[in-house]
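Below you'll find the structure, written out as structure tokens, and then a few comments.
The values are calculated or read from the model by the stated rules, or taken from the named source; none is laboratory data. Small disclaimer: the values here were computed from a predicted structure and weren't measured. Please note: Cβ atoms are built from the backbone with ideal geometry, for glycine as well, and neighbour counts cover all protein chains shown.
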Amino acid sequence: MIHRYIKWGVLIVLALGAPVLMPAIKTQLAMLMLMITFALTWDIMGGQMGYNSFGNIVFFGVGMYVTAVIQRDMFFTAEEYETMAGALGAIDGTDYLTGLVIGLAASIVVCVVLAAILGAGILKLRGHYFAICTLGLGIAAAEIAGGIDYIGAGSGLVTPTFPNEYLGDRGYFFYYYFLVLAVVAFLVLSWLYRGQFGLAINAIRDDEDKAEAMGIHTTRYKTMAWCISAFFLALAGGAMGNLVGFIDPSEVAFAGATYGVWMVLMAILGGKGTIWGPVIGAAVFHIMQELFWTYLFGWQRVALGALIIAIVVFFPEGIMGFVRARWPELLGHKVDHQTPESRIVP
Amino acid sequence: MTSPLLQVSGVSKAFGGVVANNDISLEVPEGKIIGLIGPNGSGKTTLFNSIVGYHPIDSGSILYCGNDISNMHVPEIARLGLLRTFQQTRVYGLMTCMDNMRISVPHVNEGFRHMVARHSESVADRAEELLEFVGLYSKRRLMAGDLSFGQQKLLEFAMALMNEPRLLLLDEPTAGINPTLINGLIDRLQRASETLGITLLVIEHNMRVIMNLAEHIYCLAHGEMLADGAPSELQNDQRVIDAYLGAH
């Protein structure tokens, strides 16, 4: 028991102290927390429910745009905003926070409703068909966003400048924001996975026809799973726009080729369908990526590609899957060592 | 006379040009064990699929508890207490036996709160009780996918009981089960019927099993209802014997 408290205590101190200890990389640390949130929310559908979604990035991007547009329209006219080109000295801390909070709240509503609507349409698809359809969603979203003048079209949208003089350093602000988001996502999901929700989406993963035949409300659970992903991704996207400062439709908001793929890889690397897998996977992946960027500059994309291939070939079950197969007792699985009765084939 | 729990009247189902069921009628009275036999490809499983709403029927009607269910979908029908098991067993392979049992609770009148909440202790107790009933208690922490085929059949049966159905359609419950275990299974089916009051409609190829179990048997051949009657009548019915021995 004491052992457990020490373990958690060390984790908490590390998480709270990291940006203070390593101020030079606090933005990277904030990104790490974002990556953990990405992997955790992808795993709801991809790992626990067996629906590989490449479209979760849509909610991230929509959340980012909704938050930024509300922050812009609450305090500036379009002309003012245009001429200031993002160098907004006129906004104070209270206005900034008010805009951010209302923007985030609105993006949650928009993203959850969007997930419910999209889910009603495409959650009927199974397996590869669902994956391909969601892949299309992400690409379409970027194209659509690039064509709407109101949100800056292809030239992007600048988010309000962070008021350093009122709220302190924005690196710290967003690190703690993303830390809280990742921790809340982790706690909410581990609570949900222990209840009927977790059992139901696992049942859908293992055999959806059987789940239907047993009377499980499969459509409700599937929609709910996607709405939960959308909820956290809206909060992640809204803040990410403010951290980056500039929203490009295909490079930042609907970045399917980077974030959209990474969230899948991180969950697979760590171990799909486990609660700690995505966290570990995101940490390993993000650290490797930053190391490549620092020490293999020029080759960082090649190295990343090699890492991705290595993940898929050597860790198809992920780090947690690997550990579970070798040392199941370590993760609390009880094993019956008696030889199983020989399979009788019908 | 009270109306039967399940009344299938004049049901037809064709897949393209293949008529799998042609004008099938049968009745399952409450509390009885009814058998459904017929050679391979005679349309037994198609009839099961039609009853539980897996595919729409071309004509005819299916009444359950006096209500027409022929246009309803699988999960809705299941929540009314009309459940089926599969010929090829279907369990949730990457979940433990206990988790398989826990998620098999009845899902009728389930609100948002039930969807996210944890199950109470009584659910776990009931799950353990039923695993004990089918003889899988010692396997409760194993992954269902690691069980043998026969054990998966037993688990599937226990899951069905966990769902508290009124009518249970069993598709070949003894297929692939070790002959020495079959007697135990017959006994459990009878006990489920007697003590839990579950009505059973059973597809079975093992004649010894179905003759001992069912009170009334329907025999399908080539998608049509060939004969029905008490086990002793059917055993001596020349048409049934011909159908099985291939006189057609």
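At-a-glance table
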quantity	calculated
Test: residue in the range A:220-242 that is outside any helix (DSSP H, G or I), buried (at least 24 other Cβ atoms within 10 Å of the Cβ), away from chain B (no Cβ under 14 Å) and out of contact with any His (no Cβ under 7 Å at 6 or more places or on another chain)	no
Hits in the range B:164-191 - residues which are buried (at least 21 other Cβ atoms within 10 Å of the Cβ) and facing chain A (nearest Cβ under 8 Å)	B:177
Filter pass, residue A:13 being of a type in the set (A, V, I, L, M), at pLDDT 90 or above and surrounded by 14 or more Cβ atoms within 10 Å (Cβ to Cβ)	no
Those residues of the range B:50-69 which are in contact (Cβ under 8 Å) with a residue 24 or more places away in the chain and either surrounded by 17 or more Cβ atoms within 10 Å (Cβ to Cβ) or among the small types (Gly, Ala, Ser) (or both), in sequence order	B:50, B:51, B:52, B:53, B:57, B:59, B:60, B:61, B:62, B:63, B:64, B:66
Complete set of residues in the range B:12-38 that are over 11 Å from residue B:201 (Cα atoms), buried (at least 23 other Cβ atoms within 10 Å of the Cβ) and among the β-branched types (Val, Ile, Thr)	B:24
Residue in the range A:64-84 that is outside any helix (DSSP H, G or I) and more than 30 Å from residue A:154 (Cβ to Cβ) present	no
The range A:2-56, residues that are on the phi < 0 side of the Ramachandran plot and outside any helix (DSSP H, G or I)	A:22, A:49, A:51, A:52, A:53, A:54, A:55, A:56
Enumeration of residues in the range A:174-210 that are of a type in the set (A, V, I, L, M), within 20 Å of residue A:279 (Cα to Cα) and at the interface with chain B (Cβ under 7 Å from one of its Cβ atoms)	A:192
Any hit, the range B:115-137, residues being at the interface with chain A (Cβ under 9 Å from one of its Cβ atoms), surrounded by fewer than 22 Cβ atoms within 10 Å (Cβ to Cβ) and closer than 23 Å to residue B:84 by Cβ	no
Condition met for residue B:193 (without any contact (Cβ under 8 Å) to a residue 40 or more places away in the chain and either in contact with a strand residue (DSSP E or B) (Cβ under 7 Å, 6 or more places away or on another chain) or of a type in the set (Ser, Thr, Tyr) (or both))	no
Only listed residue being part of a loop (DSSP other than H, G, I, E, B) and more than 25 Å from residue A:25 (Cβ to Cβ), chosen from A:147, A:103	A:147
The range A:172-212, residues that are closer than 23 Å to residue B:120 by Cβ and not in a helix (DSSP H, G or I)	A:195
Conditions (1) of a type outside the set (Gly, Ala, Ser); (2) free of Cβ contacts under 8 Å to residues at least 60 places away in the same chain; (3) crowded, with 22+ Cβ neighbours inside 10 Å; (4) within 11 Å of chain A (Cβ to nearest Cβ): number failed by residue B:153	(2)
Matching residues in the range B:88-99 - criterion: being more than 8 Å from chain A (Cβ to nearest Cβ) and either part of a loop (DSSP other than H, G, I, E, B) or under 18 Å from the mean Cα position of the chain (by Cα) (or both)	B:89
